[in-house]
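The values are calculated or read from the model by the stated rules, or taken from the named source; none is laboratory data. On a predicted model such as this, the values are computed, not experimentally measured, just so you know. Here Cβ is always computed from backbone atoms with ideal geometry, including for glycine, and neighbour counts include all displayed protein chains. Side chains are part of the model used for accessible areas, which takes the heavy atoms of the whole protein and leaves out ligands, DNA and RNA. Shrake-Rupley method; radii C 1.70, N 1.55, O 1.52, S 1.80 Å.
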Amino acid sequence: MTWTTHTVFNQPFPLSNSNLFLSDVPLCDALLREGGGWDSDWLASVGSQLGSAESLELGRLANTCPPELHRYDARGIRVDDVRFHPAWHLLMQGVCSSRLHNLSWQPDVQPNASVARAARFILHAQVEAGTLCPVTMTHAAIPLLQRYLPTAFRGWLEPLLSDRYDTHAMPGDQKRGLLIGMGMTEKQGGSDVLTNTTRAEPLQGRGSGEAYRLIGHKWFFSVPQSDAHVILAQTQQGLSCFFLPRLLPDGSHNAIFIERLKDKLGNRANASSEVEFKDATGWLLGEEGEGVRLILKMAGMTRFDCALGSHGQMRRAFSVALYHAHQRQVMGKNLVDQPLMRQVLARQALQLEGQTALLMRLARAWSQADDANQAAFARLLTPAAKFVICKAGMPFVAESMEMLGGNGYCEESELPRLYRDMPVNSIWEGSGNVMCLDVLRVISKKSGIVEALIRECDEVKGVNRHFDRRWRQLKLRLGKHDEAQARTLTQDILQLATAVQLLRHAEPRLADAWCGQWLDTRGEPTIDAALADRLLARASGR
Ligand SMILES: Cc1cc2nc3c(=O)[nH]c(=O)nc-3n(C[C@H](O)[C@H](O)[C@H](O)COP(=O)(O)OP(=O)(O)OC[C@H]3O[C@@H](n4cnc5c(N)ncnc54)[C@H](O)[C@@H]3O)c2cc1C
């Protein structure tokens with residue numbers, strides 16, 4: 001008897017053991033250009049490690065064996081413990097050792113640390129996206145905690161800045177590494193946090209650093225295993241921000257009850273929960289009534305990370321599809337050499353060129369936020385990038401999936417997981433419309449924003465006619481506060497800012513092709529063969 005009925009041929013090898021950094025020339029170029037070149041060696045080393053078959057397998061395992069809630073221990077005592085597959089813990093060790101949660105806040109940090117961190121973030125996103133949630137929230141919370149943590153918790157600041165991942169259930173000052181979550185969304189409203197009903201009453205004194213008793217709930221509370229969450233609750237003076245440790249300083253459990261874990265479309269490796277606070281103890285950060293202002297500072301950073309994460313996942317989908325197209329033969333030719341497929345691939349490569357240039361420029365603006373002009377650029381372009389890039393991710397991954405044909409639809413290809421993971425970045429931390437309304441608001445209410453955009457765009461006037469025309473049109477619309485048009489306005493701002501980066505720094509034919517694709521309203525021109533070769537070479541590390 002033989003098992004063999006046929007010879008297997010023309011089935012491509014899956015993409016593994018590639019260097020996620022060195023294979024991405026647009027990213028390498030942008031890192032140097034935006035002042036993060038000092039991190040190149042680290043990125044090359046971690047890029048090789050992350051691209052390995054072993055690392056990709058960890059990403060798969062963490063998602064096929066999602067976390068489970070164990071509410072009681074063997075003796076029947078309530079513990080509300082979330083248990084993860086070991087793969088999750090190994091991946092978390094990786095993101096923490098890359099300092100995605102604190103690189104920007106290191107005391108001896110190199111210049112433009114946000115640029116290096118952005119590049120690291122894009123690499124990790126290609127392996128597993130759920131682990132980005134805890135490090136994003138921790139990264140955003142650290143400046144707030146550094147400023148406002150009450151004296152009793154100052155011992156938390158050192159482990160917050162370490163590169164360790166420590167799962168021990170102990171008070172923060174006794175641990176080697178810490179994670180912080182964020183809890184705003186309640187059943188009746190997520191975008192409109194002013195509707196929060198969770199109440200906070202002072203235990204003794206009222207005011208910054210004082211302890212309050214919290215009663216209420218959060219409808220979405222990701223990473224419930226975090227050492228603490230920053231949450232919103234109502235006080236006498238309105239919505240306020242609280243530090244809510246999982247364990248109280250004496251080691252006992254704070255009264256945070258995990259009701260259940262969310263059953264999610266994607267992001268399955270990461271635990272998101274529903275919780276109730278039944279006389280939990282939280283410490284006021286800042287003053288009563290300052291909640292929205294403080295939480296919005298954190299939200300800017302997490303929104304930037306959403307755009308970075310989506311970009312990283314798009315890059316992975318593209319790399320998998322390109323590798324496949326180089327191997328799969330259809331009608332006598334490799335797919336990559338079929339003129340129509342080459343167009344699709346080249347257009348995706350061009351799209352990623354633009355996103356990379358914009359995101360890394362934005363990362364530099366975050367690093368240089370002491371400069372008012374850079375701060376204004378970051379304030380405007382962060383919600384715009386979150387809206388446009390996170391939305392673009394969904395059709396992009398679907399296209400990559402299709403390039404693999406039926407194999408793309410099957411789990412072994414990585415693409416179904418990328419496809420499931422993609423929408424969440426568009427929804428959480430402010431959904432699409434909310435981002436566009438934010439763009440509209442900062443344009444009309446914050447000084448220096450429009451000027452920063454004008455300064456950026458005027459620099460490349462006269463270089464490309466599509467750019468000039470669209471920029472002229474946009475300038476006329478900047479003064480109009482029209483909510484119904486906020487999406488097109490946001491998209492135009494993001495596209496023009498992207499074009500600026502390419503017109504300034506990329507080869508002219510590449511920049512012109514990008515403007516032709518995304519700024520010329522008459523349709524998508526064909527990318528010529530020589531440029532397609534160039535784009536695909538840059539996208540493959542050549
Ligand atoms: C997997 C996952 C994990 C999450 N983890 C957390 C977490 O850890 N902590 C946390 O606090 N939250 C978390 N969230 C919640 C998330 O931030 C909210 O779902 C999101 O902010 C939207 O709020 P909502 O669900 O209440 O929707 P709504 O606020 O009801 O919004 C619904 C829709 O209406 C749109 N909209 C809102 N206002 C307007 C307007 N004025 N004009 C036009 N359109 C508008 C929004 O863009 C959205 O598309 C998580 C969500 C998910 C999916």
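In a fully extended conformation the segment linking Ile454 and Arg83 would gain 128.5 nm over its present Cα-Cα distance, using 0.36 nm per residue.
The C-alpha atoms of the chain define a longest principal axis, and helix 339-367 lies at about 40 degrees to it. The trypsin sites (Lys or Arg not before Pro) of segment 55-114 that DSSP puts in a loop, and whose beta carbon has at most 10 other beta carbons within 10 Å, are Arg75. Highest average first, the peptides 14-22, 417-425, 190-198 ordered by how many other beta carbon atoms sit within 10 Å of their residues are 417-425, 14-22, 190-198. The alpha carbon centroids of segment 77-142 and segment 285-303 are separated by 21 Å. For the chain, the fraction of alpha-carbon pairs lying more than 36 Å apart is 34 percent, rounded to a whole number. Annotation: per residue accessible area for the chain equals 42 Å², rounded to a whole number [probe 1.4 Å, protein chains only].
Other residues lying with their Cβ under 13 Å from the Cβ of Leu489 contribute a combined charge of +2, Lys and Arg counting +1, Asp and Glu -1.
Against the chain, whose longest principal axis is taken from its Cα atoms, helix 449-458 shows a tilt of about 20°.
Distance between the C-alpha centres of segment 313-374 and segment 50-69: 24 Å, rounded to the whole angstrom. Remark: for residue pairs Lys262/Lys475; Lys218/Lys386; Lys218/Lys297; Lys262/Lys445; Lys175/Lys278, the C-alpha separation exceeds 32 Å in Lys262/Lys475; Lys262/Lys445. Helical content alone sets the calculated 222 nm signal of the chain at -16000 deg cm²/dmol, taking -39,500 (n - 2.57) per DSSP H segment of four or more residues and averaging over every residue. Using a Förster distance of 56 Å, how high is the FRET efficiency between Lys333 and Glu210, based on the Cβ-Cβ distance and rounded to 0.05? Calculated value: 0.20. If a spin label sat at a point 7 angstrom from the Cα of Lys475 along the line to its beta carbon, the backbone N atoms of segment 442-457 nearer than 14 Å would be those of 450-457. The packing ranking, built from the mean of other Cβ atoms within 10 Å per residue, places the peptides 89-95, 108-114 in the order 89-95, 108-114, highest first.
Given R0 = 51 Å, the distance between the Cβ atoms of Val8 and Gln236 translates into a calculated FRET efficiency of 0.10. The simple spin-label model puts a point 7 Å past each Cα toward its Cβ; for Arg154 and Asp279 those points are separated by 3.2 nm. The residue among Trp42, Leu478, Cys436 whose Cα reaches farthest toward the positive pole of the charge dipole of the chain, with charges on the beta-carbon of Lys, Arg, Asp and Glu, is Leu478.
Working ranking of peptides 465-476, 217-228, 375-386 by packing, defined as the average number of other Cβ atoms within 10 Å per residue, highest first, is 375-386, 217-228, 465-476.
At q = 0.12, 0.14, 0.17 Å⁻¹, what is the base-10 log of I(q)/I(0) for segment 406-542 according to the Debye formula with one equal point scatterer per Cα and no solvent? Please give it to two decimals. So the normalised log intensities are -0.66, -0.86, -1.08. Keeping the other protein chains in place, figure out the carbon and sulfur percent of the accessible area of the chain, with a 1.4 Å probe. C and S atoms contribute 53 percent here.
Positive-end ranking of Trp105, Ala118, Gly354 along the dipole of the chain, with charges on Cβ about the Cα centre, is headed by Gly354. Sorted largest first by accessible area at a 1.4 angstrom probe radius, with every protein chain in place, the residues Phe257, Phe84, Phe13 fall in the order Phe13, Phe257, Phe84.
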